[in-house]
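A.B. asks: Would you mind keeping the following structure in view while I ask a few things?
The values are calculated or read from the model by the stated rules, or taken from the named source; none is laboratory data. Since the structure is predicted, the reported quantities are computational estimates derived from the model, not experimental observations. Cβ: placed from backbone, ideal geometry, glycine included. Neighbour counts: every protein chain shown. Protein only, heavy atoms only, side chains kept; ligands, DNA and RNA dropped before computing areas. Shrake-Rupley method; radii C 1.70, N 1.55, O 1.52, S 1.80 Å.
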Amino acid sequence: MYLCIITFVMGSSIHLLGESINQRLLISGYQTHLTLRENPIIKSITPHTLIDSFELLQYYDESLGLCMWYVPLFLILFLYFTGCFTIVKAEKKMPVSAWILLGPSGLYYWYLVTEGQIFIPFIFTFFAMMATVLHQKRKGFLPDSNGLFLLYSFSISLFLVSVWVACLWNDKVLRKKYPGVMYIPEPWALYTLHLRDKHTTLTD
């Protein structure tokens, strides 16, 4: 648990450092729906050897940083979930406040999965949680209110990700940036591709 927390803090620090630079690029006109080398603002950089430095920054931000951030996070959530089982019937029901917070919680995990591009650790955690439920059920244990809240949040998030992918399935520009079977576009990529110009026009 301590190692997970330390790795989580280091990964989030690396990612937030990269994000601070990315935000400056976005203000300058960086388009997240294009790859790094296809961006007009990157093409205009001189000397061109600096582009390699931006690619290294992108690796630290979107690959190493996110991996060190989210893998320990989902491992901690799974370890927490393994302790959320009970044989008391009263504890198997969620209170009204939990049902109210279920929607925002599912939306939060949807944003983590799509913007962070972490579908694989997310789905493996979800499958591990389902396997734990089946294993504990044989022993006479069922998830308590905390376990049900986490399980339902993941289920809602998985549903939202499926709807998100289905709606953007035929987008040729996003398809170019996210090739292959694992096609889950980032919300920021959709914003810079379809919504930013409209938003700028409305503000002007």
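A.B. asks: So what is the orientation-averaged projected area of the range 149-197, using the convex hull of its C-alpha atoms, in nm²?
C.D. replies: It is 4.0 nm².
A.B. asks: Still on this model: Could you give the radius of gyration (one decimal) and Dmax (whole number) of the Cα atoms in the chain, in Å?
C.D. replies: 20.1, 67
A.B. asks: Take the Cα coordinates of the range 77-181, assign each an equal point scatterer, and use the Debye formula without solvent to give log10 I(q)/I(0) at q = 0.09, 0.12 Å⁻¹.
C.D. replies: -0.29, -0.48
A.B. asks: Just name one of Cys67, Leu150, Val96: the one whose Cα is farthest towards the positive end of the charge dipole of the range 1-156 (beta-carbon charges, Lys/Arg +1, Asp/Glu -1).
C.D. replies: It is Val96.
A.B. asks: If you don't mind, another one. Full extension from Val163 to Gln58: what is 0.36 nm times the residue separation minus their Cα-Cα distance, to one decimal in nm?
C.D. replies: Full extension from Val163 to Gln58 adds 35.0 nm.
A.B. asks: Could you tell me what percent of the accessible area of the range 79-124 is made up of carbon and sulfur, with a 1.4 Å probe and every protein chain present?
C.D. replies: Summing carbon and sulfur atoms, their accessible area is 74 percent of the total for the range 79-124.
A.B. asks: Now a separate question. Per residue, how many Å² of accessible area does the chain show with a 1.4 Å probe?
C.D. replies: Per residue, the chain has 60 Å² of solvent-accessible surface.
A.B. asks: Could you work out the relative contact order of the chain, using alpha carbon pairs under 8 angstrom and six or more residues apart, expressed as a whole percent?
C.D. replies: On the way: 194 pairs, mean separation 56.9, N = 204.
Worked out over the chain, it gives 28 percent.
A.B. asks: If you wrap a convex hull around the alpha carbons of the range 1-64, what volume per residue comes out, as a whole number of Å³?
C.D. replies: 82
A.B. asks: Do you know the Lys pair count in the chain for C-alpha distances under 29 Å, with sequence separation 8 or more or different chains?
C.D. replies: 13
A.B. asks: Right, here's the next one. Which helices, taking whole DSSP H runs in the chain, have alpha carbons extending 18 angstrom or more along the helix axis plus mean Kyte-Doolittle at least -0.5?
C.D. replies: Once both thresholds are applied, what remains is 2-27, 66-82, 96-116, 119-138, 145-167.
A.B. asks: A further question on this structure: Rg/Rh for the range 1-111: what does it come to with C-alpha atoms and Rh from Kirkwood?
C.D. replies: 1.17
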